[in-house]
Amino acid sequence: MSELKQEEKKRYAAILREELIPAMGCTEPIAIAYAASVAGKVLGEEARRMELSCSGNIIKNVKAVAVPNAGGQKGIAVAGILGLVGGNPEKQLEVIADVTDSAREKTRELAAAGFCKVLFAENAPNLYIAAKVFGDHHTAEVIIEKKHTNISHIFRDEKELEQGEAARAVESNVYKTPRDHMNLKGILAYAEEADLSEVREVLRRQVECNLAISQEGLDKNWGANIGSTILETFGSDVKCRACARAAAGSDARMSGCPMPVVINSGSGNQGITVSMPVVEYARELQVSEDRMLRALIVSNLVSIYIKHYIGALSAFCGAVSASCGAGAGISFLCGGDYAQISRTITNTLGNVGGIVCDGAKPSCAAKIASSLHAAILAHHMSMSNRCFQAGEGIVENDVEETIKNMGYIGRVGMRDTDKEILRVMTDEVNVDDCI
């Protein structure tokens with residue numbers, strides 16, 4: 001495999017540092033809390049009421065998950081109010097890590113009193129949050145678009161703050177490194193050649209945080225207990241442990257566990273999915289830490305690469321793209337070359353590429369387990385030189401083209417599916433009338 005230029009290595013390292021950041025709970029309610037917290041800071045006085053305008057995908061992903069540190073409370077209004085009354089905007093996706101009992105109680109009271117009005121933002125990007133707060137003398141509005149921490153606009157008294165003023169209000173976190181140059185050959189070359197000192201800290205943090213919440217999910221009663229059910233039912237070989245570890249982290253996370261997760265592609269579930277199976281296989285194979293970290297580079301970057309074509313928040317379940325990354329990382333650990341890792345990705349997409357996202361909730365853990373089972377099957381098929389063939393569905397001869405096909409379906413083809421899922425979830429359509 002050809003050697004990467006130094007500039008390319010720096011880009012891949014920068015992508016990992018930008019993507020692999022800690023977050024608590026489901027990232028959509030946390031992003032709402034973050035926007036509301038910043039809006040409260042900009043307002044500079046006590047807020048009397050609040051409006052939250054959110055895209056359909058934000059609404060879909062907040063509807064059924066518990067807001068972490070909220071004492072079991074759920075919903076968009078709860079996320080916004082808790083961020084406003086108890087959040088620390090400087091902590092971004094850990095904005096409500098340190099909320100107090102009094103903030104939780106005040107959130108409960110304000111939510112019951114109708115303090116926050118939730119609106120559907122039509123014709124907005126898939127990831128869109130506008131938090132507007134009203135005081136006695138001023139108003140403030142913060143808009144997040146396209147990325148959970150990307151504050152695109154800040155207004156005070158309907159006037160947009162200049163760049164310098166906005167920077168003083170909050171440090172926005174946008175992707176500064178383009179993803180267009182990414183390809184599988186480049187990812188694999190970087191994984192082999194990377195100076196691990198540049199990314200060791202972020203990868204170790206991913207392992208530490210995600211292992212901790214995974215263990216929490218296995219040890220305690222969170223969600224539907226998918227992780228522990230797998231171990232109790234199917235055994236504890238490495239294949240089962242890989243699926244169970246990832247599912248257990250999601251069990252806890254989707255049910256409000258406040259422990260942080262290091263995310264991938266803006267998602268804690270995807271961060272757990274790309275990392276835990278690789279860690280389990282690395283333990284089973286007894287490889288060095290450095291080899292495990294290089295496999296994590298593969299799993300993380302493959303997931304980011306595939307998700308780049310799909311975009312943030314869609315009807316395409318992100319567990320699939322993350323599982324492709326995990327499968328690629330496992331094949332890498334087992335000595336797989338470019339052709340074998342390509343087949344692992346192709347086999348995974350050819351199997352479970354059609355899983356839909358109907359919002360964040362406890363069943364996400366089961367979708368993770370199903371997707372990882374498919375990825376592990378894909379890995380074993382590939383290492384035995386078995387692969388779905390070009391012309392079978394969306395599969396092409398070139399894995400890059402197969403990935404692009406799946407990206408097009410997720411970004412464009414499933415656009416109307418996304419809208420209809422939201423309509424069903426919000427009871428806007430009577431499905432009996434359509435059968």
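The values are calculated or read from the model by the stated rules, or taken from the named source; none is laboratory data. None of these values were measured; they are calculated from a predicted model. Cβ atoms come from the backbone with ideal geometry, glycine included; neighbour counts cover every protein chain shown. To get the accessible areas, we keep the full protein, side chains included, count just its heavy atoms, and leave off ligands, DNA and RNA. Shrake-Rupley method; radii C 1.70, N 1.55, O 1.52, S 1.80 Å.
Let's see how each residue does on (1) in contact with a Ser or Thr (Cβ under 6 Å, 6 or more places away or on another chain); (2) β-branched (Val, Ile, Thr); (3) touching a residue at least 12 places away in the same chain (Cβ under 8 Å); (4) in a helix (DSSP H, G or I):
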{"position": "Glu8", "(1), (2), (3), (4)": "no, no, yes, yes"}
{"position": "Ala14", "(1), (2), (3), (4)": "yes, no, yes, yes"}
{"position": "Ala33", "(1), (2), (3), (4)": "no, no, yes, yes"}
{"position": "Ala36", "(1), (2), (3), (4)": "no, no, yes, yes"}
{"position": "Ala39", "(1), (2), (3), (4)": "no, no, yes, yes"}
{"position": "Ala47", "(1), (2), (3), (4)": "no, no, yes, no"}
{"position": "Leu52", "(1), (2), (3), (4)": "no, no, yes, no"}
{"position": "Asn57", "(1), (2), (3), (4)": "no, no, yes, yes"}
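Please find, within the stretch 232-264, the residue that is farthest from Asn61 (Cα to Cα) out of those that are open to solvent by 20 Å² or more (accessible area, probe 1.4 Å) and either in contact with a Gly (Cβ under 6 Å, 6 or more places away or on another chain) or of a type in the set (S, T, N, Q) (or both).
Ser236
Picking from Ser342, Ser363, which residue would you name as being among the polar types (S, T, N, Q) and closer than 30 Å to Asp290 by Cα?
The unique qualifying residue is Ser342.
Find the residue count for the stretch 43-64, including only residues that are over 16 Å from Gln270 (Cα atoms) and crowded, with 22+ Cβ neighbours inside 10 Å.
10
Return the residue satisfying two criteria in turn: it lies in the stretch 124-137 and is closer than 12 Å to Met50 by Cα and either among the basic types (Lys, Arg) or outside any loop (DSSP other than H, G, I, E, B) (or both), and of such residues it is farthest from the chain's Cα centre (by Cα).
Phe134
What residue, among those in the stretch 212-223 that are of a type outside the set (Val, Ile, Thr) and surrounded by 17 or more Cβ atoms within 10 Å (Cβ to Cβ), is nearest to Ala23 (Cα to Cα)?
Here the residue is Ser214.
Considering only residues that are open to solvent by 50 Å² or more (accessible area, probe 1.4 Å) and farther than 15 Å from Glu28 by Cα, which ones fall in the stretch 71-84?
Gly71, Gly72
Which residue out of Ala140, Ala121 is within 27 Å of the chain's Cα centre (by Cα), open to solvent by less than 80 Å² (accessible area, probe 1.4 Å) and hydrophobic (A, V, I, L, M, F, W, C)?
Ala121
Of the conditions (1) in contact with a His (Cβ under 9 Å, 6 or more places away or on another chain); (2) within 16 Å of Val62 (Cα to Cα); (3) open to solvent by 10 Å² or more (accessible area, probe 1.4 Å), Leu93 satisfies every one except a single condition; which number is it?
(3)
How many residues are touching a Leu at 6+ places or on another chain (Cβ under 6 Å) and open to solvent by 10 Å² or more (accessible area, probe 1.4 Å) when one looks only at the stretch 291-332?
The total comes to 2.
Condition first: closer than 25 Å to Thr149 by Cβ and open to solvent by less than 20 Å² (accessible area, probe 1.4 Å). Can you find one or more residues in the stretch 349-360 that meet it?
yes
Within the stretch 179-253, which helices (runs of 4 or more DSSP H) (wholly inside it) include 2 or more residues that are over 27 Å from Arg343 (Cα atoms)?
Qualifying helices (runs of 4 or more DSSP H): 200-219, 226-234.
Provide a single number: the residues in the stretch 238-255 that are touching a Ser or Thr at 6+ places or on another chain (Cβ under 6 Å) and hydroxyl-bearing (Ser, Thr, Tyr).
0
Among the numbered criteria (1) in a helix (DSSP H, G or I); (2) more than 18 Å from Asp251 (Cα to Cα), which one does Asn61 miss?
The number of the failed condition is (2).
Taking the criterion of being open to solvent by 10 Å² or more (accessible area, probe 1.4 Å) and either touching an Asp or Glu at 6+ places or on another chain (Cβ under 7 Å) or touching a residue at least 40 places away in the same chain (Cβ under 8 Å) (or both), would at least one residue in the stretch 98-109 satisfy it?
No, there is no match, as no residue in the stretch 98-109 is open to solvent by 10 Å² or more (accessible area, probe 1.4 Å) and either touching an Asp or Glu at 6+ places or on another chain (Cβ under 7 Å) or touching a residue at least 40 places away in the same chain (Cβ under 8 Å) (or both).
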